[in-house]
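Peer 1: Got a structure here, written out as structure tokens. Questions coming.
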Amino acid sequence: MSYLSGAAVRQINLSDPTRRIDIIARDDGAFQAFENLAIENDPTQGWTPYRMSGIYRDVQEVENAVREMWEKFDFGGMTVNERLYCIGAFAEFDQARKVGDKPRLVSILGRIGLESQANEIIENL
């Protein structure tokens, strides 16, 4: 039996426009959140599920919990390549590197928590 036939009751846009949270009303009356990543880092291409939350009693409870947990990825201990892969920006980064688009590279590195090290990383590419 699927508990998730209900429709999204709330959509939360995060600070990163390539990530979105949908809160779903479950058939059993509970609520659950799903984080979605933009396909190819382009929201116009659609969304793909990334992870889901636990089960909560009400919409506000799940929203508060996931905002706190998911507003930023925890990239601790990951390499640059692992971080890029995690947010689906590997190809985008590689293309920007190939054409020497430094502002785009800095922007992408900022999305993976490396804004303070961006110039050094770009110099070593």
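The values are calculated or read from the model by the stated rules, or taken from the named source; none is laboratory data. Since the model is a prediction, treat every value here as computed from it, not as a measurement. Cβ sites come from the backbone with ideal geometry, for glycine too, and all protein chains shown count toward neighbours.
Peer 1: Using the structure shown, decide if Asp22 is part of a loop (DSSP other than H, G, I, E, B) and more than 20 Å from Val106 (Cα to Cα).
Peer 2: The answer is no for Asp22.
Peer 1: While we're on this one: Looking at (1) of a type in the set (D, E, K, R); (2) closer than 18 Å to Ala118 by Cα; (3) within 14 Å of the chain's Cα centre (by Cα), which is the only condition Arg67 fails?
Peer 2: Exception for Arg67: condition (2).
Peer 1: In addition: Among the numbered criteria (1) in a loop (DSSP other than H, G, I, E, B); (2) modelled with pLDDT under 85, which single criterion is violated by Tyr50?
Peer 2: (1)
Peer 1: Among the residues that make up region 31-39, is at least one of them in contact with a Leu (Cβ under 8 Å, 6 or more places away or on another chain), surrounded by 15 or more Cβ atoms within 10 Å (Cβ to Cβ) and part of a strand (DSSP E or B)?
Peer 2: yes
Peer 1: With the structure loaded, tell me whether Ala96 is at pLDDT 85 or above and farther than 13 Å from Asp16 by Cβ or whether it fails that test.
Peer 2: yes
Peer 1: Before we move on, is Val62 touching a residue at least 40 places away in the same chain (Cβ under 8 Å), assigned to a helix (DSSP H, G or I) and of a type in the set (Val, Ile, Thr)?
Peer 2: No; evaluated as a whole, the condition is false for this residue.
Peer 1: Within region 88-125, take every residue that is more than 24 Å from Tyr50 (Cβ to Cβ) and acidic (Asp, Glu) and give me the one that is surrounded by the most Cβ atoms within 10 Å (Cβ to Cβ).
Peer 2: Asp101
Peer 1: Here's something else I'd like to know. Among the residues of region 69-86, which ones are out of contact with any Lys or Arg (no Cβ under 6 Å at 6 or more places or on another chain) and either surrounded by 15 or more Cβ atoms within 10 Å (Cβ to Cβ) or assigned to a helix (DSSP H, G or I) (or both)?
Peer 2: Met69, Trp70, Phe73, Met78, Val80, Asn81, Glu82, Arg83, Leu84, Tyr85, Cys86, listed by residue number.
Peer 1: Going by what's in this entry, would Tyr56 be described as more than 29 Å from Glu123 (Cα to Cα), more than 15 Å from the chain's Cα centre (by Cα) and either exposed (fewer than 11 other Cβ atoms within 10 Å of the Cβ) or modelled with pLDDT of 85 or more (or both)?
Peer 2: Judged against the criteria, Tyr56 is a match.
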